[in-house]
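Asks: Next up is a structure, given as structure tokens.
Just so it is clear, none of the values below were taken in a lab; they were calculated from the coordinates. Remember, predicted model here, so these are calculated numbers, not experimental data. Counting neighbours? That spans all protein chains shown, and the Cβs are built from the backbone with ideal geometry, glycine included.
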């Protein structure tokens, strides 16, 4: 509609300027009164035609305005019906969309973490997924725009879960008076003090001396072994472990185990139950 108005205005302006320029030009030429009247009549005819065309454009513009107004009313009525069906209003839909944007931002923030940090905050993934499921239960979620947003967020949460480390562990913060034997014996840890070796070998990055730990250290408490880990049991020895089908299926490869775990295996013939061995590629 704006283009039509601009076109009509430009057309009238060009015509007026052309007429003024032409009148000015031929007024300076020598001509008879009859010739002058003929040219003047021609300009008057063109002006009348231009005015008629302009009036036609204005009429078309007015018609378009009415059609647009009618369309806007029809759209408003359709949305009114949709809002009624969804038991909400325009403000409610905007608020719902804003909530989904905030949820997506929280998911993106977790996605920026390292896998290890993300594992520590895995409970937040559960909370975000719970929020997502609550939003999916809303009638507003039936809107195609909201369905697309929900699907995007659901995909991002799935990617978060896929990036979590395969190992499953909890965390324990050391307090004054703790030692590995005592920690392993706690009912919410292993309820078995002899499993102190498990804590030690699973936290070699923090424990250089098993007899020396400090308050506020945060230890990983292994709950299940990852694909590249093996929990030693009574009766195990390196060649026996290497010969297991799920390890190397070859007892002669025990040296690989020794090399990968030499930080705490001092004697190739001596390993202890509850040690966590790294299985090299």
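Asks: Can you give me the angle between helix 144-163 and the longest principal axis of the chain, using Cα atoms only, in degrees from 0 to 90, rounded to the nearest 10?
Replies: Rounded to the nearest ten degrees, it is 30.
Asks: Could I ask something else about it? I need to check one value: relative contact order of the chain, counting alpha carbon pairs closer than 8 Å and at least 6 residues apart, in percent. Mind dumping the intermediate values first?
Replies: Details: 261 pairs, mean separation 34.2, N = 281.
Reported as a whole number, the value is 12 percent.
Asks: Suppose each label sits 7 Å from its Cα in the direction of the beta carbon; what would the residue 151-residue 78 distance come out to in nanometres?
Replies: Once both label points are built, they end up 2.1 nm from each other.
Asks: May I ask you to sort 110, 164 by Cβ crowding, counting other Cβ atoms within 10 Å and putting the fewest first? Walk me through the intermediate numbers first.
Replies: Working: 110 18, 164 14.
Going from sparsest to densest Cβ surroundings: 164, 110.
Asks: Could you state the principal axis extents of the C-alpha atoms in the chain, from the largest down, to the nearest angstrom?
Replies: Here the Cα extents, ordered largest to smallest, are 129, 50, 41 Å.
Asks: When a footprinting reagent is the concern and you count Cβ atoms within 10 Å, what order do 135, 194 take, fewest first? Mind showing how you got there, number by number?
Replies: Values: 135 18, 194 13.
Placing the least packed residue first, the sequence is 194, 135.
Asks: Taking one equal scatterer on every alpha-carbon of the stretch 179-277, how large is log10 of I(q)/I(0) by Debye at q = 0.11, 0.13, 0.16, 0.24 1/Å?
Replies: -0.34, -0.47, -0.69, -1.33
Asks: Here's a follow-up. Suppose the chain between residue 259 and residue 38 were pulled fully straight at 0.36 nm per residue; how much longer would it get relative to their current alpha carbon spacing? If you can, show how the numbers build up before the last one.
Replies: Values: separation 221, 0.36 × 221 = 79.56 nm, distance 11.09 nm.
That pair, residue 259 and residue 38, stretches by 68.5 nm at full extension.
Asks: Same structure, new question: So if we plug the beta-carbon distance of residue 205 and residue 102 into 1/(1 + (r/R0)^6) with R0 = 45 Å, what FRET efficiency do we get, rounded to 0.05? Spell out each step's value before the answer.
Replies: Values: r = 36 Å, r/R0 = 0.80.
That gives a FRET efficiency of 0.80.
Asks: Same structure again: At a Förster distance of 35 Å, what's the computed FRET efficiency of residue 240 paired with residue 188, Cβ-Cβ distance as r, to 0.05? List each step's numbers first, then the result.
Replies: Values: r = 32 Å, r/R0 = 0.92.
In this case the efficiency is close to 0.60.
Asks: By counting other Cβ atoms within 10 Å of each Cβ, how are 31, 85, 197 ranked from fewest to most?
Replies: On the way: 31 13, 85 10, 197 20.
Result, fewest neighbours first: 85, 31, 197.
Asks: Separation between the residue 48 and residue 159 pseudo-spin-labels, each 7 Å from Cα along Cα→Cβ, expressed in nm?
Replies: Taking the two extended label points, one gets 7.1 nm.
Asks: Right, another one. Figure the gain on full extension for residue 212 and residue 89 (residue separation times 0.36 nm, minus the Cα-Cα span) and round it to one decimal in nm.
Replies: Working: separation 123, 0.36 × 123 = 44.28 nm, distance 6.35 nm.
Full extension of this stretch gives 37.9 nm more.
Asks: Which of 45, 71, 63 ends up with the largest GNM mean-square fluctuation for the chain, with Cα atoms connected below 10 Å?
Replies: Sorting by GNM fluctuation, first place goes to 45.
Asks: Rounded to the nearest 10 degrees, what's the angle between the helix 33-86 long axis and the longest principal axis of the chain, both from Cα atoms, 0 to 90?
Replies: Tilt of helix 33-86: around 30 degrees.
Asks: Once both labels are modelled 7 Å past Cα along the beta-carbon direction, what's the residue 233-residue 56 spacing in nm?
Replies: Between residue 233 and residue 56, the simple spin-label model gives 9.5 nm.
Asks: Using only Cα atoms, find the angle between the long axis of helix 122-136 and the longest principal axis of the chain, and express it within 0 to 90 degrees, rounded to the nearest 10.
Replies: 40
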